[in-house]
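Please treat every number below as a calculation from the coordinates, not as lab data. Predicted, not measured: the structure shown is a model, and the values here were computed from it. In this analysis, Cβ positions are derived from the backbone assuming ideal geometry, glycine residues included, and neighbour counts consider all displayed protein chains.
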Amino acid sequence: MATKDSSSFTYSKSGVDVKSVKKIQDKVNGMIATTQNKYSESLFGHYAGLFGVGGKRLTMHVDGVGSKVLVAQDVGKFDTVGIDAVAMNVNDLVCVGSRPIVAVDYLALEKSDEQLVSDVVKGLVDGCKQSEVALIGGETAILPDIIKGSGKPFDLAVTCVGVLEKEITGKGMRAGDILIGLESSGLHSNGYTLARRTLDSKKWGMEMLAPTRIYTSCVLEMINSCQIGGIAHITGGAFSKLMRIGAHANVGFELDSIPKPAAIFEEIGKKVNSDYEMYRTFNMGVGMVIAAPASEESALRSIAKKHGITASVVGRVSAKEDVILRKDGKAMSLL
C-alpha cells in the first residue's frame, strides 16, 4: 500500500486541505453553539441540524456541488447538476433518520441566461421528484463581479428541510456491528478539485457528470424496517466521514471488503498512486454506509436490491476510535 505522502497528486496539493477544513469546522461549531435557542437541538458535526417547532422535530441541511459545476461548463451539459445539489442534501438528512420534505435553491450567474437557468432547474426538479421533495422557492442572482470564468460560469446550492421519523445519531452502534455499503453511481459530488486534475474531461466528462445517487427511499425503508445503529453519507473526506457517527458512540470502523471500484476511480488512482489519498477523497464506489447488527444483513441487502442498489458488507464497527482501511494485507488509518 502506498504511503500517505508518496503522491504528487493529492487533494491538499490540488488546493483542498481536508484536515485544515476540519480544524476550521471545529472552531465554527464552537462559535455557532453560542447562538442556540429554545427551538434548536445540539447535534453539531453531524450530517444535519435538528430543531423543533410546534411539537415537530425537524432537520435542515445546506450544500452545493462544488467544482463539479466546472465539469458541466467544460462539457456544456447543465441539466444534471441540479440532481446533485438535491442529492447532497437529502442524503445527509436521512443519515439522522429524517424524511426530506421541502427545499429552496440558490443559483448565482455571471449574466442572465434563460437556457442555463432552465437546464439547471430541470435537474433540481428531477432530484426533488426522485426524493419526493417539494421545491418551494429559491433565488437567482446575477453577480458579474463575483461569478467569473470561461463558458457559462455559475454556482448552485440547495437548502432542504426534513421531518424526523426515527432519530439515528450513531449512539446505537456497537463494536462488531456490520457495515453495509450502498453502491454509488460514480464520483458523486466530491473530490472534483483533484479529479479534474487527473482526468481528461473530453474522455471522462460525461461519466464525471453522472448524478449523485439519491438514497432516500431506500434508506427510509431500511430505517422503518430494520434495527440500524448509524448511517454515514460518504462525501467530502470520504471514509473519514464515518467518524461523524462514530463520535456519538465512541467507536471506530474497520473497512476490509470494499468492492473493486469502477474504472473512473482506477483511472484517477493511476496518477494519485496512494490508497490513503483515494479512500480519503473519493467514495470508491460506496455512497452510503449503514451500521447494523449482523442479523440485519439479509433484510438490508434485500431492501437495497428492491430499490435497484447493490449492497455488500464492507467492514465492521470496532472498539477503537479510528477508521482503518485493510487492503492488500496492510492496514492504514484514514484519519
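Listed values, structure above:
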item: Given (i) 31, 61, 8; (ii) 27, 52, 20, 1; (iii) 28, 56, 14, 1, the label whose value is P(r) over Cα pairs in 20 Å bins from 0, in percent derived from this model; result: (i)
item: 5 angstrom amide H check on GLY138, placed H, neighbours 5+ away; result: ASP105
item: Neighbour-count order for TYR279, TYR106, fewest beta carbons within 10 angstrom listed first; result: TYR106, TYR279
item: Distance between the range 274-300 and the range 63-105 - C-alpha centres, whole angstrom; result: 20 Å
item: Theoretical FRET efficiency, 1/(1+(r/R0)^6), r = Cβ-Cβ of GLU41 and LYS122, R0 30 Å, to 0.05; result: 0.25
item: Electrostatic dipole magnitude of the chain [Cβ: Lys, Arg +1; Asp, Glu -1; Cα centre; debye, to 20]; result: 620 debye
item: Order by protection proxy (mean Cβ within 10 Å, highest first), peptides 97-105, 313-321, 211-219; result: 211-219, 97-105, 313-321
item: Sequence-separation-based contact order of the range 178-333, relative, with Cα cut under 8 Å and 6+ spacing, percent; result: 42 percent
item: Virtual spin-label span in nm between GLN227 and VAL53, 7 Å along Cα→Cβ; result: 3.6 nm
item: Two-decimal Rg/Rh across the range 178-333, once Rg and the Kirkwood Rh are taken from alpha-carbon atoms; result: 0.96
item: DSSP beta bridges in the range 35-164 [antiparallel fraction, %, rounded to 5]; result: 75 percent
item: Expected 222 nm ellipticity per residue - DSSP helices of 4 or more, -39500 (n - 2.57), all of the chain, to 500; result: -9500 deg cm²/dmol
item: SER20, SER185, SER257 arranged by Cβ crowding within 10 Å, fewest neighbours leading; result: SER20, SER257, SER185
item: Förster-model FRET efficiency, 41 Å R0, ASP145 and LYS327, C-beta, rounded to 0.05; result: 0.30
item: Dipole magnitude of the range 178-333, debye to nearest 20 (Cβ charges: Lys/Arg +1, Asp/Glu -1, about Cα centre); result: 340 debye
item: LEU300, LEU199 arranged by Cβ crowding within 10 Å, fewest neighbours leading; result: LEU199, LEU300
item: Stretch gain in nm, segment LYS260-ALA294, where the contour uses 0.36 nm per residue and the Cα spacing is subtracted; result: 10.0 nm
item: Fraction of antiparallel bridges per DSSP, the range 213-335 only, in percent to nearest 5; result: 80 percent
item: Table column - 3J(HN,Hα) (Hz), the range 114-124, Karplus curve with 6.51, -1.76, 1.60, x for Gly and Pro; result: 4, 5, 4, 4, 4, 5, 5, 5, 4, x, 4
